[in-house]
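Working notes, structure below.
The values are calculated or read from the model by the stated rules, or taken from the named source; none is laboratory data. Computed from a predicted model, the values in this text were never measured in an experiment. Neighbour counts run over all protein chains shown; Cβ positions are idealised from the backbone, glycine included.
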Amino acid sequence: MDGDTHVNGHDAGEPVDGDGTAAGTPRPGPSRKTVLRAALAAGIAVPVTMAAAPALARDKASGSAPLELTPSCDDGDDPTPPQTEGPYFKPNSPRRTSLIEAGTTGIRLTVTGYVFGLKCKPLANVLLDFWQADRRGAYDNVGYKMRGHQFTNAQGAFALTTVFPGLYPGRTRHIHVKLQAPGRPVLTTQLYFPNEPRNNTDPIFDSRLLMNVRDVGNTKEAEFDFVLNVPQ
Ligand SMILES: [Fe+2]
C-alpha cells in the first residue's frame with residue numbers, strides 16, 4: 001500500500017517519496033488550521049509560535065466527553081491515514097491540474113487544500129497523483145482519463161479540477177491520491193464526500209478522510225488538507 005517507488009515516471013530531481021493527513025470534519029469556530037489556511041491564502045507569514053505550538057488545549061477544554069481527534073494540523077499533527085491503492089492505479093499519469101478533457105461530462109468539482117508537515121508548516125513541491133472514476137463510475141485502464149499529477153506550490157497549496165466521481169459496485173464515492181514529499185516515502189490514500197449513503201457500508205471508508213464540500217451553482221467545491229509524516 002505505501003509504496004516506496006516513484007509514483008510516476010518523474011525526471012530526476014523531482015520528489016521521490018511521502019506521507020500525509022487529512023482534515024475533514026467541520027469544526028465550530030475558527031481552528032488553528034483555518035487561521036493557517038486564511039493566512040496562507042492571503043500570503044501572510046504565519047508566526048512560528050502559531051505554526052508550531054501544541055493545539056490540544058481547545059479540545060481538552062471543550063467538555064467532559066472526549067472528542068475524537070481529526071487528523072489535521074490543529075489537533076496534534078497526526079499524519080493523514082493511508083488507504084488501499086485498489087486495483088486501478090496506473091503510473092506515469094500526465095502532469096496536469098485539470099482532468100477535464102474535450103468530451104468530459106459530469107458535475108464540475110474542484111478540490112483544493114494544503115499539504116503540511118508534522119509541525120503544520122506547508123510543504124512545497126509535494127507530488128500529488130490523483131485518479132478516479134468518471135461520472136459513470138468507470139476507470140480508464142487503457143488511457144489516462146481522470147488521471148493526473150501535480151506538485152504543491154511554494155505555499156504548499158494544490159488545486160485539482162475534475163468531475164464528481166461516479167459510483168461503482170462495492171464502494172462509496174471517492175477519489176484516489178498518492179502523495180510524495182521530496183525524499184520521503186509515498187502515502188497512498190483516498191478522499192471521501194460527506195452525506196453519501198454508502199459511507200455507512202463501505203468497509204474502506206474512513207471519516208478522517210472526508211472532504212469539506214459545498215455546492216456552488218452547478219459545481220462542487222471541496223477542501224482537504226493533508227499532513228505528511230515529514231519532520232520539520
Ligand atoms: Fe476506486
Suppose we keep only residues that are surrounded by 17 or more Cβ atoms within 10 Å (Cβ to Cβ) and assigned to a loop (DSSP other than H, G, I, E, B) within segment 124-134. Which one would you say is farthest from the ligand (Cβ to nearest atom)?
Val126
Is there a residue in segment 201-214 that is modelled with pLDDT of 95 or more, of a type in the set (Phe, Trp, Tyr) and out of contact with any Phe, Trp or Tyr (no Cβ under 7 Å at 6 or more places or on another chain)?
no
Among (1) assigned to a loop (DSSP other than H, G, I, E, B); (2) more than 16 Å from the ligand (Cβ to nearest atom); (3) farther than 15 Å from Leu179 by Cβ, the one test that Thr161 misses:
(1)
Suppose the filter is more than 12 Å from the ligand (Cβ to nearest atom), buried (at least 16 other Cβ atoms within 10 Å of the Cβ) and at pLDDT below 95; does Lys121 pass it?
yes
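Among the residues that make up segment 140-163, is at least one of them acidic (Asp, Glu), more than 18 Å from Tyr88 (Cβ to Cβ) and either surrounded by fewer than 16 Cβ atoms within 10 Å (Cβ to Cβ) or in contact with a helix residue (DSSP H, G or I) (Cβ under 6 Å, 6 or more places away or on another chain) (or both)?
Our first condition is that a residue be acidic (Asp, Glu); within segment 140-163, this holds for 140.
Now narrow it down to the ones that are more than 18 Å from Tyr88 (Cβ to Cβ): none.
No: segment 140-163 contains no residue that is acidic (Asp, Glu), more than 18 Å from Tyr88 (Cβ to Cβ) and either surrounded by fewer than 16 Cβ atoms within 10 Å (Cβ to Cβ) or in contact with a helix residue (DSSP H, G or I) (Cβ under 6 Å, 6 or more places away or on another chain) (or both).
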I need every pair where a residue in segment 219-232 that is more than 14 Å from Leu128 (Cβ to Cβ) has its Cβ under 7 Å from the Cβ of a residue that is assigned to a loop (DSSP other than H, G, I, E, B) and among the β-branched types (Val, Ile, Thr), sequence separation at least 6 or different chains.
Thr219/Ile107; Lys220/Ile107
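Residues in segment 87-110: is at least one within 14 Å of the ligand (Cβ to nearest atom) and buried (at least 16 other Cβ atoms within 10 Å of the Cβ)? Please lay out each step first, then the result.
Residues of segment 87-110 that are within 14 Å of the ligand (Cβ to nearest atom), as a first pass: 87-90.
From what's left, buried (at least 16 other Cβ atoms within 10 Å of the Cβ): 88-89.
Scanning segment 87-110 turns up at least one residue that is within 14 Å of the ligand (Cβ to nearest atom) and buried (at least 16 other Cβ atoms within 10 Å of the Cβ).
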Selection count where residues are assigned to a strand (DSSP E or B), within 12 Å of the ligand (Cβ to nearest atom) and among the polar types (S, T, N, Q), scope segment 164-188
1
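Can you find, within segment 136-146, the residue that is nearest to the ligand (Cβ to nearest atom) among those that are at negative phi and either out of contact with any Pro (no Cβ under 7 Å at 6 or more places or on another chain) or touching a residue at least 60 places away in the same chain (Cβ under 8 Å) (or both)? Steps first, please.
Pass one, segment 136-146, residues at negative phi: 136, 138-145.
If we keep only those that are either out of contact with any Pro (no Cβ under 7 Å at 6 or more places or on another chain) or touching a residue at least 60 places away in the same chain (Cβ under 8 Å) (or both) too, we end up with 136, 138-143, 145.
Details: Arg136: 13, Ala138: 11, Tyr139: 7, Asp140: 12, Asn141: 12, Val142: 16, Gly143: 17, Lys145: 14 Å.
For segment 136-146, the residue satisfying everything is Tyr139.
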